[in-house]
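Reading through the structure tokens given below for one structure.
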Amino acid sequence: MKTPTVTQVADNTYLASGTAVNWTLITDGDAVTLIDAGFPADLPAVEESLRMIGHRIEQVAAILITHCHVDHIGSIPGLLRRADIPVHVAPPEVGFAHGDYREQAGPLDVIPNLWRPGFLTWTIRIALAGAMKHVRVPTATPFPRDGALDLPGKPVPVPTPGHTSGHCCYYLPDVGVLATGDTLVTGHPTSQTSGPQLLMPMFSHDHPATVAALDTLEPLAADTLLPGHGIPHRGDIRTAVSQARERLATH
Ligand SMILES: [Zn+2]
């Protein structure tokens with residue numbers, strides 16, 4: 001197992017990185033909220049990330065999903081075999097979680113791009129991490145209430161449809177942190193730049209909607225951005241969004 005990188009970004013708030021994908025851990029006493037869970041092969045790394053912050057799987061109060069791509073939900077079935085953990089997802093994403101449909105780039109999308117810098121190495125790496133698996137989370141349910149959730153960090157779901165139809169970011173107002181999933185990232189093995197940016201359109205179910213979803217993030221009072229891919233970003237979200245828009249305009 002590759003040891004995950006775990007970075008504390010605020011009080012009780014950590015970003016962990018596995019196979020070129022991140023997950024977020026938020027603690028409150030013994031309890032933990034886990035946002036996303038890496039590829040299937042990241043299961044030991046997710047467990048290790050919990051250990052590194054002094055916690056165990058049994059202490060995970062809930063898993064929140066930003067979206068149901070295999071690099072974000074891959075280890076959840078393995079985690080659920082070890083502990084009975086509630087899993088929540090935005091209402092429009094429930095069908096994807098249950099395996100009723102998929103909105104994910106597949107080999108036919110990736111193969112024409114293999115000539116691009118970084119693509120081939122990344123494709124092999126994620127294939128080995130279980131990228132071809134059709135992971136389902138049959139027990140995933142919509143959020144149990146509107147607004148802030150009664151979980152460590154009191155995360156507030158921020159629906160951002162686009163990357164998938166039910167993509168959702170999570171805002172932690174107490175610490176000014178925004179977990180942006182794949183709506184706004186800061187890097188990716190297939191990207192030649194670092195800093196706030198959007199993933200390539202081929203990765204999104206609806207790229208124009210992903211661009212429009214930036215409008216939803218812009219007014220939030222966050223100064224730390226925890227992306228699904230890339231390193232944590234410090235700086236107000238408004239500036240990060242305009243940097244991402246500038247990159248779009250120049251590509
Ligand atoms: Zn992703």
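Tabulated data
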item	result
Criterion (in a strand (DSSP E or B) and modelled with pLDDT of 95 or more) met by exactly one of L214, L178	L178
Candidates F119, F96, filtered to the one that is under 25 Å from L34 (Cα atoms) and of a type in the set (F, W, Y)	F96
Residue list for segment 153-174, filter: more than 16 Å from the ligand (Cβ to nearest atom) and open to solvent by 10 Å² or more (accessible area, probe 1.4 Å)	G153, K154, V156, P157, V158, P159, Y171, P173, D174
Residue count for segment 19-37, restricted to those that are surrounded by 17 or more Cβ atoms within 10 Å (Cβ to Cβ), at pLDDT 95 or above and in contact with a helix residue (DSSP H, G or I) (Cβ under 6 Å, 6 or more places away or on another chain)	4
From A10, A41, A61, A83, residue being farther than 30 Å from A222 by Cα and either away from the ligand (no atom under 16 Å from the Cβ) or surrounded by fewer than 16 Cβ atoms within 10 Å (Cβ to Cβ) (or both)	A83
Meets criteria (closer than 30 Å to A221 by Cβ and surrounded by fewer than 21 Cβ atoms within 10 Å (Cβ to Cβ)) for P91	yes
Top-ranked residue of segment 64-75 - restricted to ones that are within 14 Å of the ligand (Cβ to nearest atom) and either part of a helix (DSSP H, G or I) or of a type in the set (A, V, I, L, M) (or both), ranked as nearest to L149 (Cα to Cα)	I65
Per-region count, segment 114-131, residues in a loop (DSSP other than H, G, I, E, B) and touching a helix residue (DSSP H, G or I) at 6+ places or on another chain (Cβ under 8 Å)	4
Segment 175-216, residues that are of a type in the set (D, E, K, R), more than 12 Å from the ligand (Cβ to nearest atom) and buried (at least 16 other Cβ atoms within 10 Å of the Cβ)	D206
Selection count, segment 94-111, where residues are open to solvent by 60 Å² or more (accessible area, probe 1.4 Å) and in contact (Cβ under 8 Å) with a residue 40 or more places away in the chain	1
Only one of G230, G195 that is at positive phi and touching a helix residue (DSSP H, G or I) at 6+ places or on another chain (Cβ under 9 Å)	G195
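The values are calculated or read from the model by the stated rules, or taken from the named source; none is laboratory data. These numbers come from a predicted model, not from an experiment. Backbone-built Cβ (ideal geometry, glycine too); neighbour counts: all protein chains shown. Just so you know, the surface numbers come from the protein's heavy atoms only, side chains and all, with ligands and any DNA or RNA stripped out. Shrake-Rupley method; radii C 1.70, N 1.55, O 1.52, S 1.80 Å.
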